[in-house]
Amino acid sequence: MKFINKIGIVVLTIVTLNVFISCEKEVVRDSSPEANPNSNRVYFPEQTDDQLVLGISDVSTPITIAREVSDNALTVSITITANAAFSIPQTVSFAAGDTATVFDLSIGDIELMKKYLVILNIDENQSNPYDEDAKFSTLALNILKEDFAPFAEGVYSSEFFEEEWPATLEYSPSTELYRLADCWMPDYDVLFKWEGTKVTIQGTKNSSGSYIYLPTGYVHPSYGMISAYYSQTDINYYNEATETFTFPITWVVSAGSFGEYIDTYTIETRY
């Protein structure tokens, strides 16, 4: 009976506590400000989830803003949240009839190969923060300044894709890496260290460590993304006499392998 009575006391305590809490004053939040009905509805037309990559000599990058109402000339305020090395004009102007204009985001002294978050905001009085058509008044950019520069020009040949094309080999002194940018598809690079005849591909090791692999960007209509697996049995990929890289690649999808087909890159001109 004592045990039952203790339970009754605990239940009563909980009920009393709940009643007390329910009597507490409710938190009142300020309602969101209403959009200006006379707004020109200014917005950033270009949104990106990817990083913005700048060259080593770049000191600015253009930013486009647009508006839906363009009858009259307009000056609109823009604010920035970022490292002090980044700056923008305090206001941006549209001429009468212009639906878009461009201003410069200036970049000062920032570290190479380091990402910086930059957030730009349009004055709420001239934008519509509640726009249902995804016309955003805020732009978030991940900015990276790199020091890759052309090292050589040459020809890339792919036995698997049965194509060859001119390609620039780039080099980054800060990372000591070479790069074949957009090798097979846009935004899919091949990065590697190069020492004498040895070439170390930068990618992911398979479970046994016998291959380094990376996505090619090419999506097979039936099997999905194709990955390039570089054999690590012998990484002497470079022939000094012919100035040719020979990449022994096994082409793999989730369902299996297409087998090994050779890619090559031959240097024709060095900078």
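The values are calculated or read from the model by the stated rules, or taken from the named source; none is laboratory data. Just so you know, these numbers come straight off a predicted model, no measurement behind them. In this analysis, Cβ positions are derived from the backbone assuming ideal geometry, glycine residues included, and neighbour counts consider all displayed protein chains. Remember, those area values only see protein heavy atoms, side chains included, never the ligands or the DNA or RNA. Shrake-Rupley method; radii C 1.70, N 1.55, O 1.52, S 1.80 Å.
So is E68 surrounded by 13 or more Cβ atoms within 10 Å (Cβ to Cβ), at pLDDT below 95, of a type in the set (D, E, K, R) and farther than 30 Å from P150 by Cβ or not? Against the criterion (surrounded by 13 or more Cβ atoms within 10 Å (Cβ to Cβ), at pLDDT below 95, of a type in the set (D, E, K, R) and farther than 30 Å from P150 by Cβ), E68 qualifies.
One residue stands out among those in region 251-271 that are of a type in the set (F, W, Y) and assigned to a strand (DSSP E or B): the one that is nearest to R179 (Cα to Cα), which is Y265. Taken as a whole, region 217-234 holds no residue that is open to solvent by less than 70 Å² (accessible area, probe 1.4 Å), under 17 Å from S158 (Cα atoms) and either touching a residue at least 60 places away in the same chain (Cβ under 8 Å) or basic (K, R) (or both).
Only one of the numbered conditions (1) open to solvent by less than 40 Å² (accessible area, probe 1.4 Å); (2) among the aliphatic types (A, V, I, L, M); (3) under 20 Å from the mean Cα position of the chain (by Cα); (4) at pLDDT 95 or above is not met by L169, and that is (3). Please tell me if E195 is under 29 Å from V53 (Cβ atoms) and open to solvent by 70 Å² or more (accessible area, probe 1.4 Å). Yes. Residues in region 184-204 that are farther than 21 Å from I262 by Cβ and touching a residue at least 12 places away in the same chain (Cβ under 8 Å): P186, D187. Entry remark, region 69-90: residues being assigned to a strand (DSSP E or B) and either more than 17 Å from V118 (Cα to Cα) or in contact with a Pro (Cβ under 9 Å, 6 or more places away or on another chain) (or both) number 4 in total.
Can you name the strands (runs of 3 or more DSSP E) wholly within region 142-250 that have at least 1 residues being among the charged types (D, E, K, R) and touching a Pro at 6+ places or on another chain (Cβ under 8 Å)?
149-158, 163-172
Scanning region 54-65 for residues that are modelled with pLDDT of 90 or more and within 18 Å of L112 (Cα to Cα) turns up L54, D58, V59, S60, T61.
For region 161-176, the set of residues classified as within 21 Å of T242 (Cβ to Cβ) and touching a residue at least 40 places away in the same chain (Cβ under 8 Å) consists of A167, L169, listed by residue number.
Counting only residues that are of a type outside the set (D, E) and within 12 Å of R41 (Cα to Cα), region 64-104 holds 9 of them. Screening G209, G259, G217 for residues that are of a type in the set (G, A, S), at pLDDT below 95 and out of contact with any Leu (no Cβ under 8 Å at 6 or more places or on another chain) leaves exactly one candidate, G209.
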